[in-house]
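Pasting a structure here, questions to come.
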Amino acid sequence: MHEKGVIYNNLSLGTITIGPHGQPMLHDFISATIAGGFATSIYQGILNPEFVAPERTERVDGGASPISDYYAFGVFLYWLLTGKLPFEADNLSQLIALHVAKPPIPPVAVDPTIPKGLSQIVEKLLEKEKSARYQSIEGILFDLEHHDDPGFQLASRDMDRKFRVSDKIYGREREIGLLKAALGGLQDGSGRLVTIAGYSGVGKSTLVAEFQKTLPPDACRLISGKFQQYKKDIPYFGIVEAFDRLFDMLLLSDQRVLDDFREAFANGIGDQGLILTSIFPKLALIVGEQAPVDKLVGEEAENRFNYVFLKLIRIVATRKRPLVLF
């Protein structure tokens, strides 16, 4: 499939069957994409988030590629060897955070009878960084066939046939440290502003994505939006784009989290909810239809929106789990 430019994007226990003569068959190409084409969003069509690569979660840059399928294959091998999935969580938002940030327990640590070389292969397939995983199916197959050889060297025959520029950044430990320090300073309940300056394309978003990878899953809620040049006619476009991601996280949370948010929204926002749902339509999917409000214009309308919006911020941003808006 990869040689023909197709990315499967759906490898899981439910999409593989074994034929009568032992041949494996793949099913359900609903999430498949053409290499370099549009990748389906995790929130729109991925059916098996237990197998999703970090770059396919929309929380880190990278997008779908054959190497994303290698990650899913690593999850499959992990289950095959240990009987467990590398990451399990109570809700989808937490599960995705684990895929993005937490290294898996090595298979050999789960079951000491698993050959060390085989465990190393799975660990490499499950690397968070695409550039740190296998780059070719030939490299994977060679290691699977030779992991028991004396002097086995991991990925000795692995080579990317195409020239690619790594998306990993180097030499930004100081900047990431400053971001971590700012995040740590939120525990007193106050806000922080950090400015990241640089020309377009210099790597501001990549720096923030790299920062996010270093955080524990529940350290914060990090959402991001971009004020697109050709979307200037849409009020608060970048803010709406960012908060849509927050509302996606909430919609995919368990019922208890949703109920807590609805109760906090009703108590904190009161009869002013329509001011927010008219700007953030996805919020209405969580809190339902809101009562009409008095119409204001000009500065009065803007001041009222700012006032109610800050109330929303206080609901979703807590000392235990602050909100980071990029």
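Condition first: more than 14 Å from the chain's Cα centre (by Cα), among the β-branched types (V, I, T), modelled with pLDDT of 95 or more and closer than 24 Å to V165 by Cβ. Can you find one or more residues in the stretch 64-81 that meet it?
No - not one qualifying residue is present in the stretch 64-81.
Would the stretch 172-180 turn up any residue that is of a type in the set (A, V, I, L, M) and modelled with pLDDT under 90?
no
Let me confirm something: among S253, S224, which residue is within 18 Å of the chain's Cα centre (by Cα), of a type outside the set (A, V, I, L, M) and within 30 Å of G177 (Cβ to Cβ)?
Criteria check complete, one pass: S224.
Here is a follow-up. I'd like the residue in the stretch 79-97 that is touching a Phe, Trp or Tyr at 6+ places or on another chain (Cβ under 8 Å) and crowded, with 18+ Cβ neighbours inside 10 Å and, out of all such residues, is farthest from P54 (Cα to Cα).
P86
Could you tell me whether K204 is within 14 Å of the chain's Cα centre (by Cα), among the basic types (K, R) and either modelled with pLDDT under 85 or at negative phi (or both)? Explain how you work it out, then say what you get.
Details: within 14 Å of the chain's Cα centre (by Cα): no; among the basic types (K, R): yes; either modelled with pLDDT under 85 or at negative phi (or both): yes.
So K204 does not fit the description; no.
Given the conditions (1) part of a loop (DSSP other than H, G, I, E, B); (2) without any contact (Cβ under 8 Å) to a residue 40 or more places away in the chain; (3) within 28 Å of F211 (Cβ to Cβ), report the number of the one that S131 does not fulfil.
(1) is the only condition that S131 fails.
When you scan the stretch 38-50, do you find a residue that is modelled with pLDDT of 90 or more and either surrounded by 14 or more Cβ atoms within 10 Å (Cβ to Cβ) or not assigned by TED's automatic domain parsing to the domain that holds Y70 (or both), even just one?
yes
Across the stretch 252-298, which residue is modelled with the lowest pLDDT among those that are touching a Phe, Trp or Tyr at 6+ places or on another chain (Cβ under 8 Å) and aliphatic (A, V, I, L, M)?
That would be L252.
Scan the stretch 230-259 for residues that are of a type in the set (V, I, T) and closer than 19 Å to L310 by Cβ and jot them down.
Result: I239, V240.
Across the stretch 145-167, what is the number of residues that are among the basic types (K, R) and surrounded by fewer than 11 Cβ atoms within 10 Å (Cβ to Cβ)?
So the answer is 2.
Out of the residues in the stretch 98-128 meeting the condition of being among the polar types (S, T, N, Q) and assigned to a helix (DSSP H, G or I), tell me which one is surrounded by the fewest Cβ atoms within 10 Å (Cβ to Cβ).
Among those residues, the one meeting the criterion is Q120.
Restricting attention to helices (runs of 4 or more DSSP H) lying wholly within the stretch 254-325, give those where 1 or more residues are loosely packed, with under 13 Cβ neighbours inside 10 Å, outside the structural domain of S93 (by TED's automatic domain parsing) and among the charged types (D, E, K, R).
Working: elements: 255-269, 273-277, 284-287, 298-316.
Per the criteria, 255-269, 298-316.
It is to be established whether one or more residues within the stretch 202-223 are loosely packed, with under 13 Cβ neighbours inside 10 Å and free of Cβ contacts under 8 Å to residues at least 40 places away in the same chain.
Yes, there is a match, as at least one residue in the stretch 202-223 is loosely packed, with under 13 Cβ neighbours inside 10 Å and free of Cβ contacts under 8 Å to residues at least 40 places away in the same chain.
Quick check on E210: is it within 30 Å of S131 (Cβ to Cβ) and not assigned by TED's automatic domain parsing to the domain that holds P281?
yes
OK, next. In the stretch 53-63, how many residues are modelled with pLDDT under 90 and either on the phi < 0 side of the Ramachandran plot or more than 16 Å from the chain's Cα centre (by Cα) (or both)? If you could, list the steps in order and put the result at the bottom.
Going residue by residue through the stretch 53-63, those that are modelled with pLDDT under 90 are 54-63.
The next check asks that each one be either on the phi < 0 side of the Ramachandran plot or more than 16 Å from the chain's Cα centre (by Cα) (or both); those that pass are 54-57, 59-61.
Going through the stretch 53-63 one residue at a time, the tally reaches 7.
Let me ask another. Does F142 fit the bill of being surrounded by 12 or more Cβ atoms within 10 Å (Cβ to Cβ) and not in a loop (DSSP other than H, G, I, E, B)?
yes
Among (1) within 22 Å of P54 (Cα to Cα); (2) modelled with pLDDT of 90 or more; (3) touching a helix residue (DSSP H, G or I) at 6+ places or on another chain (Cβ under 6 Å), where does S136 come up short?
Evaluating S136 over (1) within 22 Å of P54 (Cα to Cα); (2) modelled with pLDDT of 90 or more; (3) touching a helix residue (DSSP H, G or I) at 6+ places or on another chain (Cβ under 6 Å) leaves (3) as the failure.
Please tell me if D260 is of a type in the set (D, E) and either within 24 Å of Q94 (Cβ to Cβ) or touching a Cys at 6+ places or on another chain (Cβ under 6 Å) (or both). Show your work before the answer.
Details: of a type in the set (D, E): yes; either within 24 Å of Q94 (Cβ to Cβ) or touching a Cys at 6+ places or on another chain (Cβ under 6 Å) (or both): yes.
When the stated conditions are applied, D260 passes them.
The values are calculated or read from the model by the stated rules, or taken from the named source; none is laboratory data. These numbers were taken from a predicted model, which means no experiment stands behind them. Note: ideal-geometry Cβ built from the backbone for every residue, glycine included; neighbour counts use all protein chains shown.
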